[in-house]
Each structure stands twice: as C-alpha cells, then as structure tokens.
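Down below is the structure, laid out as structure tokens.
The values are calculated or read from the model by the stated rules, or taken from the named source; none is laboratory data. Being a predicted model, the structure only gives us computed values, none of them experimental. Here the Cβ is made from the backbone with ideal geometry for all residues, glycine too, and neighbour counts use every protein chain on show. Ligands, DNA and RNA are excluded from the accessible area calculation, which covers all protein heavy atoms including side chains. Shrake-Rupley method; radii C 1.70, N 1.55, O 1.52, S 1.80 Å.
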Amino acid sequence: MDRKEKLNSLKYSIINSIIPILIAFGIGAIAIILAKENPLSAYGTLFYRSLFNIKGIFNTLHFAGPLILTGLAIAISFKAGLFNMGIEGQLLSAGFVVAVMGNVWGELPKTVLVPLLLVVGVLVGVIVAIIPTMLKAFYNVNEMVVTLLLNYAIIHILQYLTENTFRDPSSGYVSTPRISSNAIPSRIFEDYRLTTFFIVAIVVYVIFYFIMKRSKLGFEITALGQNRNFAEATGMRIQKKIIIIMLASGALAGLAGAGWMMSEKYAYTLSFSGIPGLGWDGMLIALLGSHSPIGILIAAVFYAVVKTGSSNIAIFTSVPYEIVILLQALIVLFLSLKVFVKPKELKLGEPSVPKKRFKNLFKGGKE
Amino acid sequence: MEVIKTVDLTKKFGSFTANKNINISVLEGEIKAIVGENGAGKSTLMNMLYGLLKPTSGEIYLRGRLIHFNSPDDAILNGIGMVHQHFKLVPSLTVYENVLLGVEINKEVSIGNKKFKTFKVDQKQELKLVNDLIEKYKFNINANAYVKDLSIGAKQKVEILKMLYRNVNILIFDEPTAVLTPQEIEMFYETLRELKACGTSIIFITHKLGEVMDIADSVTVIKSGEVIDNLLVKDTNNKHLAQLMVGRDVLMHVEKKYKDYSNASVIYEVNNIKTKNKWGLNCVDDVSFNIRQGEIVGIAGVEGNGQSELVDIISGILKVTDGCIKFNGNDITNFWPDKLRKNKIAFIPEDRYEQGLCKEMTISENMIAGYHDSPDISKYGFISMKKRLQKSIDLINKYDVRVSKIEGLISSLSGGNAQKVIIAREFSSDPDLIIASQPTRGVDIGAIEFIHKSILDLQEKGKSVLLISSELSEIMSLSDRILVMYKGKIIGEVMGKNATREEVGYLMMGITHSEENTNG
C-alpha cells in the first residue's frame, strides 16, 4: 500500500471509530438529562477525573492493562479469521484459579509468587481454550458458537465453586478467601494504583506486535485470515495455526484475568469481571481499534477512561454507574452500522453496481 | 449501415484512464472482433455499450441516434444483448424455462371481453416460441432438455437464445470460446454465421487471434485503452495483429525441440490414484502416469473432467483414497504442500487469486509465500523485511513484472503480471518438477509468450514439467507427451511431436480410436 492509500484507509478507520462514539455520547446525553443532570457537566466529570489529573491518568492506565490484553486476544484471533468469543470465560477461570492459588501458596515470597500466578493464569486460559480449539481444528466445529456458549457454562461452574467449595466463611458475601499480600504485584508509584502488571501487559503487547508484524508465524496467520485456500496451497499448515492462535488468544485472556485478580480484585466474587465484563469489553476494544495493534492500544485507554470516569460520575453526580453499559451498547450498535464506509475500490472494467447487473439480466424483454 | 458508432468515448476510474477517445463503428450484420491484451480496456468498452458503465465523456450512437444507457435493461430494450463468459443459467430448469426466466407468459382467461392473467405459466406457448427461435436460427438443441444435462456449447446457445428472445439484434460476446472444446468452437462459428445470415450484428472480445482470422469480418485492436487500428480481416494476418496488440514482434509458436525421453529415468510416478468429491463420486478414477527427467507432460481435457482434483491431489491439498505417488523413488502420497515444496516440487495453481496469491497482501509478501521459511530471508522464525524486499526486487527485475509499487497490493497488478509473480516465486526456488495448472489463463499474449519460454528454459536445464491446461494449443506446443483426461480417467496418450488437434480434440470429447472406427 502506498502512503496515500494508507492515509486514506487510516482516515476511514478513524472516522468509523469516532462517529459511533459521538453518536453514543449524544444519546447517552439524553439518558443523563432524563436523570435530571446536565450532560455536559457529567461528561466533564467523566473526562476530567480520569484524564486531566495525574491520579486519574494512573487510574486509567491501571484499568487499561487487562483491557489491552483482552482486546489483543480478540484481535489476534480475528486476524486469523477466527472468532474467540470465549475471552470472558477464559478470563474468569484464570481469575478464579489465581484467587484460590494466591491464597493457598500465600507463604511463597512475592518475587516467586507473582510470576508464578501469572503463569498459572495463562495456563488456565489455554486449558479452557483447548475444547473449542480442538473441535475447530479437527472437526471444523464453528468456534464462535462453542466459545460463546462455553462462557455461560463456565460462569455457572465458577459460581457453584465460589458459593460452595471455595467460599470464604468469614466473608459476609459470596467470595473466595482473599489472596495473600505476597500475590499482589507492587505498585510502580507508592501513591497510585498502577502496578507492575501494567508493565507486564505492555511488554506482552509489544511482543505480540512484533510476532504478528515480523515473524513467520505472523505472516502465516495474516495469510490464513485473508485467504484460507491460499494459506493451505502455499503450505502453511492451517490446522496448526488455528491451534496456535486460539490457544494464544486464550493465554492472553488468562493473563488478563490473573492480572485483574492480583492487581485489583484480590478475591473471586460473582462480580469479578464487572458488568459487562472485561472479555466483552475486549471485543468492543478490538472493534473500536479496527483490529489494528495501535488502534487497540488507543481504544483500550479510551475505554478505560470511560470506565473509570463513569464510576466518578456515579460518585459526584446522580447519574448511575450503568451509564457506561449504555454507552458501550450504543457504541457497539453504531460501530456495526459503519455509517461512513470506505467506498469499495472499483475494479477496472467491472460495473459499479454489480448487484444491479444480476437483477437486470432477467428483466426487460419482449414488448 | 453503421449500427453502433462511438465518438471519442472515454472512461476514467479516478485518475486511471481505462478507455481514451475510442472511435469504433460496427456495421449492420457484420462480425466485429475486439482484440487486445488483458487490461487493455476491452471489457470496459463493452460494459459501456451494454449500459453497465457510464462513459466519462464521448458519445454512443445507435443507428445514428445518440443514446444514454442507464442499465443493461435500456441496452436490451434498444436491441443490444451480451453473452457473458460465465453463463447465468438455472441448471434445474429446462432450456425454454431458462430463456423465458423473468418474462414468463402467464395463461390468460377471458371473462366477458376482458382478459385476466392467471398464475399459471403457459408452458405450451413458451415452448412454441422458443422452438420457433431454435428453428429460425438452426440451433439444433432440444428446448425441453434440462440445462444441467447440456454440454457447455449448448449452454452457450441457451444464453444466446435468451438474448434473441428479447429481440436483440446486436450481440456482444465476452471471450465466448474460452470454455469450448475445438469441436464446439466449430459449432459456435456455425452459430455465428447463422446469426449473421439473419442480420444480427456481432461484437466479440477475444485474445485468440486464430478466431479473428476464422470468423470475423473486421477487427479493432485496443491497447492501453486506445484504439490502435481498425482493420478488415481480409487485409491482415495473425502476425500483424499480434504485433499491433503488443507493439512488438511475438513468437507465435515457441521454438520447441523434441527429444526422445523414453530412456530417461522416471522421476515422478502416479500409480492408480483415486479420490472422491463431496458428493461421493470418483472424480479422479484410477489415474496412473509418469514423468521422466527433462520431459514436459501435458494433460489436456475439457474443464471439469477431474483435472482440478488431480492437481489438488498432486499439490497436497486433497487426499487420495487409494493409490500412491512417488517422486525420485520416495513415496510422497498425501504429503503436505510445504513438504512437497521442500522436496523441490513447485506449483503454479489453477486459481490465481484463490490458491496462488493473496489479494489482500502486498506484492513482496506474495513473492515469498510458501518459501518464507527459506534461510535466505528468515532467521529464528522472523522474516527479515530488508531481505524480503531485496528478494522481491530481484525477482521483479528478473521476471519483468511490471509493478508501480513493490509494497502495493497484489490486486493492483494485471492478470499477466500477477501470474508472473507466481512464476517468479515458484521458478526461482530451483525445483526439479513444476506442476503448472492453467499457467496462462486470462493473461495477455506478451505474458503467455514469457511463461511458455520460462517453461521451456526450465526444460533445457533438465527439469520436468507437468502441464495441465484446457488451452489445447498450449498443450500442443509445449508437451512432449499429451495425456487426455475424460470423466476422471486418462483415456488416451499422444506423443506431442505428431499430435493433431483433431486427434486430441476427439479424445477430449471422450471418443477413443476404437469407437471412432466402429462409428465410422
């Protein structure tokens, strides 16, 4: 692609991401008015408190960590033409196991326990992803359906385990025991919530960026996502690639879940991942960032701004926290509309409206 | 009388000019050929005449009247019809039902002096109308037959009937002979002559110069969107036209040296392989052949007789259910494509944009696909961007691929240049055997010549080639040995040196020598 084309397509993807956000905020404003608040001051609170002071910025980045990972998890599967909709379930499972093990292994020193738990989280994510992966790779079962449905099975299994087997009897609500303080990654700055987990997330992001852009594997995954027949014919073992990419996606989700548990939640509760859930947020982020690496980074930070900001709205105004759910739903809705679509490049000699050609072929006729 | 005349017809796509000041005229009842290389702008011109595209500037006159078509509907109403290369027919309907599709005649009932249309289609009336047409143009097809049972040549006739029924008197054909066997091409010529005798004017697009000489009255040569020359066929010849098309001398027949390979060692052996398609039918049925060192073996056949599946098996995409394949004495049955490439077998796939190239990737990315793990461009699992680019530039220069930007998308290249990317990639891997399937499909004469030469050069170096093509002249001019495939089987073998078109053509129709003799 030459520079001009690149700029052009960049322009369209930016427009396509910003327009839905603006529309969503516009409709969100109506909801805020209905809550008898001034939308401008509500949105002002949202952005000011999460973006325009140091504490807010670090808070935002703190929330952005797992979102970057879940966004990436969706985007890489999409890059290969696969849809891992099971990020949420993989993330929850990893969070749950890390919560349990973070309590059991509490005696281990921090330098050992923190990396160990992150690895555990990754492994759990991979294990959960194995079922849909194998079904897809060996029996060509639609991975979207399997991963999506598996989420609900996992949610209820984890609910059962939290309510019964692993319930902390000393807690007043349904929760696993708190993880040991050795399992909590240290803060980067003493006064702010941002932990070393954010650094881990960024490092993982950079590694994946280079693998996707520069490596043989990334090359084959891109080819597979663009044209499966081509990838097969040029000798890229697509079965293997499907397994790798689905498991990598699960691993990223697992890492996100482990990090979220260790740096923010400290115990598994039934609202561990929040509403609508970090996995689902990842989907929005991947969409908003048009599945491009830089786009995901920006979208994850933006979404973290909205998320942290909306809890501030709830605190400082009478608009409820759920405004963020409304905004998310509206953004997804309008993203899928794609109001300003890049006009499809005309192929030489081809008719500009191919559909019409078909329609017209059988019409006309004898007068 | 001029039925169609264009004056300074110009079509621009953005900054690209596809047609520039085209002036052509078609006379009443003549057969006009439009020739030109791929991407010369023939299709654009035809699409403007048929109302699919609107001219940027310039005028089209129909029988002296200025016209503006908004859609093919307008064109058909004005008597201009088009027969596309890929037929648009419903296989499960009969010939007459296809002809009247969309303009069915409903039975009428009279109540008092008013007539009402019923829901029921008047099949008798329809059949009669279609039969009248068939008789008028001496088409020799059964209007009651189901389209799925027809040969390709007959399907083409149904397409023509569809247009004739709509009172079209100017017919545009887009590469009409691409899918026909030699015998069917003869019949197609007959059809054209009949149409001409009935006063229909015909415009057909082609790259095959032989056809122009055989059937056309006049010819227009288009190059890079401009008319190079308007000629009467009787004033020109093949060679002259070819020169006009590509602007330089072209070897019409590649120089091929025939040798006796019967004593050379067998390097590739296919033994009794079978496979089933998704409907459970044996689409490759007990096929055996071998290729000797330095030999070019051609597989001819009408498309859809199992060649594609055979190539898929050989390329490692489809598995055999029975039989085995050996290369240099080693069993390579059901090997993966990457393993076959490591064994020094290279592939030019039949479907350029499905299997050969990835349209959404750049030229340099396509240049290395399949060989991206070779040590000269990748190390420790990472591909060196610099080396990838360097390799692509080298290959682009060596194989004369015309590109505007090396990091541009492959879809920005013309068919011929895209094919050259595949040729460059596969030939540069120094293979011992090349499997070339339809290597020149849809590419221009310049590129055909280049590809044929590359194949023969490879043979000079002692390499072997398996050539699968539905283009008979390609098979005839390159192969040392010709195998003919019919209904999943190899039904005949002819030595390339003394093969005749008729002989191979009969085999392609499934007629073997013994039958030919018994049938007289």
- line: For the protein assembly as shown, percent of DSSP beta bridges that are antiparallel (nearest 5) comes out at 60
Accessible-area composition of region B:92-228, carbon plus sulfur, in percent [1.4 Å probe]: 50
- request: Ignoring everything but the protein chains, give the 1.4 Å probe accessible area of residue B:339 in square angstrom, nearest 10.
  value: 100
- prompt: For the pairing of chain B with chain A, what total accessible surface becomes buried, with a 1.4 angstrom probe, in square angstrom to the nearest 100?
  reply: 4200
task: Express the accessible area of the protein assembly as shown per residue in Å², computed with a 1.4 Å probe while the remaining protein chains stay in the model.
output: 45
- prompt: Cα centroid distance between region B:351-386 and region B:50-124, in Å?
  reply: 47
For region B:1-93: lysine pairs under 16 Å (alpha-carbon distance), excluding those fewer than 8 apart on one chain: 14
- prompt: In region B:338-360, what residues drop by 40 Å² or more in accessible surface going from the chain by itself to the full protein assembly, probe 1.4 Å?
  reply: B:338, B:354, B:355, B:358, B:360
field: Accessible area (Å², 1.4 Å probe, nearest 10) - residue B:152
entry: 50
field: Distance (nanometres) between label positions extended 7 Å along Cα→Cβ at residue B:473 and residue B:65
entry: 4.0
- prompt: Among residues other than residue A:174 whose Cβ falls under 14 Å from its Cβ, what is the net charge (Lys/Arg +1, Asp/Glu -1)?
  reply: +1
task: For the protein assembly as shown, evaluate the Debye formula with one uniform point scatterer on each Cα (no solvent term) and list log10 I(q)/I(0) at q = 0.08 Å⁻¹, rounded to two decimals.
output: -0.91
message: On a 1.4 Å probe surface of the protein chains, which of B:437, B:265 comes out largest in accessible area, and what is the full order?
response: B:265, B:437
query: Points 7 angstrom from Cα along the Cβ direction at residue B:90 and residue B:229: gap in nanometres?
result: 4.8
By accessible area with a 1.4 Å probe, ligands and nucleic acids excluded, highest first: order of B:103, A:324: B:103, A:324
message: Charges on Cβ only, +1 for Lys and Arg, -1 for Asp and Glu, centred on the Cα centroid of chain B; of B:284, B:490, B:90, which one is farthest towards the dipole's positive end?
response: B:90
query: For region B:49-116, rounded, prolate or oblate, judged on the Cα gyration tensor with a ≥ b ≥ c (square roots of eigenvalues), a/c < 1.5 rounded, else prolate if a/b > b/c?
result: oblate
query: Which loop-located trypsin sites (Lys or Arg not before Pro) does region A:14-67 contain, where loop means any DSSP state but H, G, I, E or B and the Cβ has at most 14 other Cβ atoms within 10 Å?
result: A:36
field: For region B:99-209, share of DSSP beta bridges that run antiparallel, in % to the nearest 5
entry: 50
- line: For chain A, the helices passing both cut-offs (Cα extent along own axis of 24 Å or more, Kyte-Doolittle mean at least 1.0, full DSSP H runs) are A:3-34, A:54-79, A:87-104, A:110-139, A:143-163, A:196-214, A:238-260, A:293-316
message: Over region A:1-86, what is the relative contact order in percent, taking alpha-carbon pairs closer than 8 angstrom and at least six residues apart?
response: 10
message: With a 1.4 Å probe and all protein chains left in place, how much of the accessible area of chain A comes from carbon and sulfur atoms, in whole percent?
response: 67
task: Report the accessible area of residue A:63, computed with a 1.4 Å probe over the heavy atoms of all protein chains in place, in Å² rounded to the nearest 10.
output: 40
message: If I model a spin label at residue B:288 and residue A:22 as a point 7 Å from the Cα along the Cα→Cβ vector, what separation in nanometres do I get?
response: 7.3
- prompt: Could you name the aspartates and glutamates in cross-link range of residue B:115, using Cα to Cα under 18 Å and dropping any fewer than eight places away on the same chain?
  reply: A:367, B:104
- prompt: Measuring from centroid to centroid over Cα atoms, what is the spacing of region B:430-508 and region A:1-74 in Å?
  reply: 60
query: How large is Rg over Rh for chain B, taking Rg from the Cα atoms and Rh as the Kirkwood inverse mean of 1/r across Cα pairs?
result: 1.00
Cα centroid separation, region B:166-191 to region A:243-257 (Å): 57
message: So for chain B, averaging the separation of alpha carbon pairs under 8 Å that are six or more residues apart and normalising by length, what relative contact order in percent results?
response: 15
statement: For chain B, percent of DSSP beta bridges that are antiparallel (nearest 5) comes out at 60
field: region A:3-361: relative contact order in percent, alpha carbon pairs under 8 Å with at least 6 residues between
entry: 34
task: Treating the angle as unsigned and between 0 and 90°, give the value, to the nearest 10°, between the Cα long axis of helix B:123-136 and the longest Cα principal axis of chain B.
output: 80
field: Whole-Hz ³J(HN,Hα) from phi, Karplus 6.51 cos²θ - 1.76 cosθ + 1.60, for region B:379-394, glycine and proline x
entry: 9, 6, x, 10, 8, 7, 4, 5, 5, 4, 5, 4, 4, 5, 4, 4
Entries of B:274/B:379; B:239/B:420; A:55/A:241; A:216/B:405; A:240/B:387 with Cα pairs more than 31 Å apart: B:274/B:379; A:55/A:241
task: At a 1.4 Å probe radius, which order do A:143, B:59 fall into by accessible area, largest first?
output: B:59, A:143
- request: Assign one of three labels to region B:266-518, namely rounded, prolate or oblate, based on the Cα gyration tensor with a ≥ b ≥ c the square roots of its eigenvalues; rounded applies when a/c is under 1.5, prolate when it is not and a/b is larger than b/c, and oblate otherwise.
  value: prolate
Residues whose placed amide H lies under 5 Å from that of residue A:83, excluding near-sequence neighbours: A:144
